[in-house]
Amino acid sequence: MNMFKEFRNLKAAVVVLMTAVLFTACSKEDETNKPHLGRTVTWNINTQGNAIVGAGEYWIIKGTGEQANNSIIIGDGATVVLSGVNIKAKNGEDASAGITCLGDATIVLETGTENIVTGASYYPGITVSTENKIGTLTIKGAGSLEAQSSFWAPGIGCPYYDNNESSGVKMDCGNIVIENGNITAYGSGYSAAIGSSGPNKCGDITIKGGNVTATSVDSGPGIGCSGFENGSSCGNITILGGVVNAKGSDNAPAIGCGFKKGTSCGDILIDGGVVNADAGDSDYGPGIGSIGEGVCGSITITYKVTKVTSLAGKDAPFSIGLDYDTPGHCGPITIGGTVYWDGNDFLNGGRDYLAQKPFVYEP
């Protein structure tokens, strides 16, 4: 009898201990310990191959640091923690982005880790497919992420086109939200570093914090819509905090819309943080705004920012707005509550104010 009594006491103690451990784990602030509705999986991308994350699941994907020719698919409502991942998607019939999100998805960058995601040729490092719904990708965490394409696509955004043109797969991209982390994105081949590519459409782009560097090297903005293909567009561009360094390239601004007729971006709002926008090799492009036949919505910089610096191309007339004073190509421009361009004409000395090189606003 004493043996059974001791067993019951031991069993009770184990239950109490396990409860305490679980309570402690769930109480931690680290993102990887937050409860999730779906199953939890730990996966090594180097040794276990491609990762297919089901809807609502929670995966911790680790890497060895060496590049793996694998890719990741994230189901709707799922969360993926990246921990030292270095992947490059394969080219060929099965070419894809390095990471494809099938709806709403969250990517957490594990604290202190470096992660590199490279898409196949014509595919971005990371995309949000709109095939089933217009989802939102949220990137956060205290790690770092470098996102790029092998050739002609954004770091984060739309594919340039589908290698299998008969598939009917939509090449548009959903919404992109960066909450924090150290994010570096590169765009190439008429593509934004973060945003649209080719004739495709990207949703809203929102940066809430972190350190974000977005650089395009060929007819694309750092953040915004493709500088080349007719029909390319992106939604609203909103910067609420953090440090953002954006650099454009030939035929595109640093933040905004490229040069071809039919290209457009939504409203641009800078409502916090430090922003450095450099038009780079875009001779006639503003640091922030539109160029050529491209059309952007309103541009608003509020008094809540720490500092905004915008540098136009060497032959561009304005650092903010448009490459020429052409009505209809840029919406109203409001800085610190004062309207300097109403969509048709300059106000309050706007012609000279917006032509400063560089333009600096530090309230």
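Structural remarks
- Some residue of region 190-211 being acidic (Asp, Glu), in contact with a Lys or Arg (Cβ under 6 Å, 6 or more places away or on another chain), modelled with pLDDT of 90 or more and in a loop (DSSP other than H, G, I, E, B): no
Each row is one residue, and each column tells you yes or no for (1) part of a strand (DSSP E or B); (2) free of Cβ contacts under 8 Å to residues at least 60 places away in the same chain; (3) within 29 Å of residue 232 (Cα to Cα); (4) assigned by TED's automatic domain parsing to the domain that holds residue 184.
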site: 46; (1), (2), (3), (4): no, yes, no, yes
site: 81; (1), (2), (3), (4): yes, no, no, yes
site: 94; (1), (2), (3), (4): no, yes, yes, yes
site: 140; (1), (2), (3), (4): yes, no, yes, yes
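- Checked against the criterion of being buried (at least 23 other Cβ atoms within 10 Å of the Cβ), within 19 Å of the chain's Cα centre (by Cα) and at pLDDT 95 or above, the candidates 61, 87, 116 yield just one match: 87.
- Among the residues of region 292-312, those that are modelled with pLDDT of 95 or more and under 22 Å from residue 262 (Cα atoms) comprise 297, 298, 299.
- Test: residue in region 298-307 that is surrounded by 21 or more Cβ atoms within 10 Å (Cβ to Cβ), without any contact (Cβ under 8 Å) to a residue 60 or more places away in the chain, farther than 20 Å from residue 357 by Cα and touching a Cys at 6+ places or on another chain (Cβ under 8 Å): no
- All positions within region 198-214 that are touching a residue at least 40 places away in the same chain (Cβ under 8 Å) and closer than 18 Å to residue 188 by Cβ: 198, 200, 202, 214
- Residue 281 surrounded by fewer than 24 Cβ atoms within 10 Å (Cβ to Cβ), under 23 Å from residue 337 (Cα atoms) and in the same structural domain as residue 155 (by TED's automatic domain parsing): no
- Residues being in contact with a Leu (Cβ under 6 Å, 6 or more places away or on another chain) and within 14 Å of residue 320 (Cα to Cα) - total across region 244-278: 1
The values are calculated or read from the model by the stated rules, or taken from the named source; none is laboratory data. Bear in mind the structure is a predicted one, so any value in this text is a computation, not a measurement. A quick note on method: Cβ atoms are made from the backbone with ideal geometry, for glycine too, and the neighbour counts reach across all protein chains shown.
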